[in-house]
Amino acid sequence: MRIMLRVTRESLVAAVLLAGLSSAHAQSAYDYPWCAIYTNRSGAQACYYATYAQCMATMWGIGGYCIPSPYYRGPRAERRTHRY
């Protein structure tokens, strides 16, 4: 009985410690500027790529293409204006 209580207590402590370590927020398609479109029958879309190169590296071996994410709401690039 004592062994069972000790194991239960140690498991509870470990669970609390692990829960405290993983406090990052969940990522969503709104967080990434590039989407992969798979060219198989499904035509699935995955918008979890930070760069075009990262997206294309994934699509290279399995087939597909990359587009700018229609969901991305990140910072907009500033337009440069020419001053004369």
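The values are calculated or read from the model by the stated rules, or taken from the named source; none is laboratory data. These numbers come from a predicted model, not from an experiment. A quick note on method: Cβ atoms are made from the backbone with ideal geometry, for glycine too, and the neighbour counts reach across all protein chains shown.
Tabulated data for the structure shown
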item	result
Of residues in segment 34-48 being more than 20 Å from the chain's Cα centre (by Cα) and of a type outside the set (D, E, K, R), the one nearest to residue 59 (Cα to Cα)	39
Residue list for segment 38-61, filter: part of a loop (DSSP other than H, G, I, E, B) and farther than 18 Å from residue 74 by Cα	39, 40, 41, 42, 43, 44
Which listed residue is small (Gly, Ala, Ser), exposed (fewer than 10 other Cβ atoms within 10 Å of the Cβ), modelled with pLDDT under 90 and touching a strand residue (DSSP E or B) at 6+ places or on another chain (Cβ under 9 Å), from 20, 43	43
